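Only one structure is covered here, and it is reproduced in the block below.
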Amino acid sequence: ELKVEQNPLFLSMQEGKNYTIYCNYSTTSDRLYWYRQDPGKSLESLFVLLSNGAVKQEGRLMASLDTKARLSTLHITAAVHDLSATYFCAPGGSQGNLIFGKGTKLSVKP
Amino acid sequence: DAGVIQSPRHEVTEMGQEVTLRCKPISGHNSLFWYRQTMMRGLELLIYFNNNVPIDDSGMPEDRFSAKMPNASFSTLKIQPSEPRDSAVYFCASRGFSGGSQYFGPGTRLTVL
């Protein structure tokens, strides 16, 4: 059974700082997805990583995937308040589904 | 594109009542997923369909829950009878092709009193 561990689960950052969220998963998966959820809202797709070594960037967020280490990272550069949200990673399961981590609640303070 | 449509957006019911949640996936998408989100358990996959056929229903909590997809543009999740522990936000998501992103609907917030 695929298990997903995100850390940290809670992250309080100051604006302008950099930080990385880690996503470890327990069994082989060749693809991984990152989602963002604002409070009381739905989930929004951020990145789709489909191969080992894949790196995607959008604004201040950069995601990478190492399938051999079963690790994905979401790096935040020069955080701004608008990035405050909960971020979920989700590796692909064997049946075509996604297995979501518990999420990292990010709070960016001025 | 209207995105994934869910109804109702909010539902308050009493224990023992039947609840039906509805989902219209994005046109052309061939996979549909039902999730439940709570503070305690996070985001859980309940069931997913591929080309209207249920592929994995191992996440359906018990026999009180049932899901159908009679055609490519409509799915229902039914709870009968409902219990207070079923209170959660229920999301429907659809996907256009294997490996693609899942697109989530706005969710239905269910409260069972």
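Values quoted throughout were computed directly from the atomic coordinates according to the rules given, and no laboratory measurement underlies them. Remember, it's a predicted structure, so these values are computed and weren't measured experimentally. Cβ atoms come from the backbone with ideal geometry, glycine included; neighbour counts cover every protein chain shown.
Within segment A:1-98, the GluC sites (Glu not before Pro) that combine a DSSP coil assignment with at most 13 other C-beta atoms in a 10 angstrom radius are A:E1, A:E15. At the listed q of 0.07, 0.09, 0.18 Å⁻¹, the Debye profile of the protein assembly as shown, built from one uniform point per Cα, gives log10 I(q)/I(0) equal to -0.22, -0.37, -1.31. In chain B, the ratio of gyration radius to Kirkwood radius, Rg to Rh, stands at 0.95 when only Cα atoms are counted. Using a 10 Å Cβ count of at most 16 others and DSSP loop calls, identify the longest part of chain B lacking such trypsin sites (Lys or Arg not before Pro). That would be B:65-113. Net charge near A:T77, counting Lys/Arg +1 and Asp/Glu -1 over other residues with Cβ under 10 Å of its Cβ? Every neighbour counted, the sum reads +2. In this simple spin-label model, placing a label point 7 Å from the Cα along the Cα-to-Cβ direction at both A:N7 and B:S58 gives a separation of 2.6 nm. FRET efficiency for the pair B:V12 and A:D66, taken as 1/(1 + (r/R0)^6) with r the Cβ-Cβ distance and R0 = 35 Å, rounds to 0.15. Given R₀ = 25 Å, what would the calculated FRET efficiency be for A:D38 paired with B:R22, taking r from the Cβ atoms and rounding to 0.05? The value I calculate is 0.60. On the beta carbon distance between A:E58 and A:S107, with R0 = 22 Å, the FRET formula returns roughly 0.60.
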